[in-house]
Amino acid sequence: MAHTAPVHYAPRTRTPATSSASASRWAGLALLAGVVYGLWACAIRRDGGPITTGNVMFGVVTGLIFAAVMFALHRLAPSFPRELRALSWAAFAGIALGFLCSLGGSSVLRSTVIALVVAAGVFAAVFYRYYTTE
């Protein structure tokens, strides 16, 4: 049997998240997520009624705000410590889903509880990912 010498691999180097290709990809993803979020919010607010200009503008503005916050968070979060980074993504997810729940006519308490449950789950998942990959 042939034996080989152990191979030493160089540590993996990551491309910085600030490269223009990565920024362009994340901007497209944030815009797509904003469109989906805006359509979702628009459909909830319409509640089966006719499509109006105000309803469409509400969806556009909501989607643009969602996309802008998501893109800004993606650009700024790598400079945060892992706890604050996980907390910021959790707060973003909780607030976004809590807002959609409140549009559906849920009570403030129910929207808050759903937002907190989602935020806790996102915090646990994102913190675990950042803790194990750093």
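The values are calculated or read from the model by the stated rules, or taken from the named source; none is laboratory data. Note that this is a predicted model, so its numbers are computed, not measured. Counting neighbours? That spans all protein chains shown, and the Cβs are built from the backbone with ideal geometry, glycine included.
A residue that is in contact (Cβ under 8 Å) with a residue 40 or more places away in the chain, assigned to a helix (DSSP H, G or I) and acidic (Asp, Glu) occurs nowhere in region 125-134.
Kindly evaluate Ser106 against the criterion of being among the small types (Gly, Ala, Ser), surrounded by 13 or more Cβ atoms within 10 Å (Cβ to Cβ), outside any helix (DSSP H, G or I) and without any contact (Cβ under 8 Å) to a residue 12 or more places away in the chain. Judged against the criteria, Ser106 is a match.
Yes or no: Tyr128 surrounded by 13 or more Cβ atoms within 10 Å (Cβ to Cβ) and of a type in the set (Ser, Thr, Tyr)? Answer is no for this residue.
How many residues does region 36-73 hold that are farther than 25 Å from Gly104 by Cβ and either over 18 Å from the mean Cα position of the chain (by Cα) or surrounded by 13 or more Cβ atoms within 10 Å (Cβ to Cβ) (or both)? Going through region 36-73 one residue at a time, the tally reaches 1. The lone criterion from (1) in a helix (DSSP H, G or I); (2) more than 22 Å from Ser24 (Cβ to Cβ) left unmet by Ile51 is number (1).
Take the residues of region 74-92 that are modelled with pLDDT under 95 and over 18 Å from Thr133 (Cβ atoms): which is surrounded by the most Cβ atoms within 10 Å (Cβ to Cβ)? That would be Arg75. In region 80-103, is there at least one residue being outside any loop (DSSP other than H, G, I, E, B) and more than 22 Å from Leu116 (Cβ to Cβ)? No; the residues of region 80-103 include none that is outside any loop (DSSP other than H, G, I, E, B) and more than 22 Å from Leu116 (Cβ to Cβ).
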